[in-house]
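Participant: Okay, handing you the structure first.
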Amino acid sequence: MKKLILSAAILLGGLSMQAGNVDVKSSMVHSVNVQDEYKEVDAVPAAVKTGLDNAYPGVKLDKAYVNEKKEYKIEITVRGEKSTVYTDASGNIIKK
């Protein structure tokens, strides 16, 4: 009986030693998405049209917007699928 009580005390003592306070440090990352003000335009430069034609054969321009940095936000349709593409004034596609 003594061995049973002694074994139980050792076992419970060993389990209680493993339990401890764990400090959890969580770091939250706040991201701020700054969207430039785009204004709708009726026409885009020829370089932008050429760049889009080279990148997306059979592209149809639906709407075009421009910001102060002369970056264009263009809504296009390619083979029935609508998409938004960002380009600079030279017609280079920008990934955003």
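The values are calculated or read from the model by the stated rules, or taken from the named source; none is laboratory data. Keep in mind it's a predicted model, so treat the numbers as computed, not measured. Reconstructed Cβ throughout: ideal geometry from the backbone, glycine too, with neighbour counts over all protein chains shown. Note: areas computed on protein heavy atoms with side chains; ligands, DNA, RNA excluded. Shrake-Rupley method; radii C 1.70, N 1.55, O 1.52, S 1.80 Å.
Participant: Could you please report the charge total around Glu81, scoring K, R as +1 and D, E as -1 over all other residues with beta-carbon less than 13 angstrom from its beta-carbon? Each step should come with its number before you reach the end.
Facilitator: Working: positive: Lys60, Arg79, Lys82; negative: Asp62, Glu75.
Net of charged neighbours comes to +1.
Participant: Moving on. What's the whole-number percent of alpha carbon pairs in the stretch 36-96 lying beyond 14 angstrom? If you can, show how the numbers build up before the last one.
Facilitator: Numbers: 888 of 1830 pairs.
In whole percent, the share of Cα-Cα pairs in the stretch 36-96 beyond 14 Å is 49.
Participant: Per residue of the stretch 37-42, in order, report the coupling 6.51 cos²θ - 1.76 cosθ + 1.60 (Karplus, θ = phi - 60°) as ³J(HN,Hα) in whole Hz, putting x for Gly and Pro.
Facilitator: 6, 9, 10, 5, 10, 7
Participant: Could you tell me the accessible area of Val78 in Å² (1.4 Å probe, neighbours in place), rounded to the nearest ten?
Facilitator: 20 Å²
Participant: Okay, moving on. Straight distance only, please: which lysines reach the Cα of Lys82 with their own Cα at less than 22 Å, same-chain residues fewer than 8 apart left out?
Facilitator: Cross-link targets: Lys39, Lys49, Lys60, Lys63, Lys73, Lys95, Lys96.
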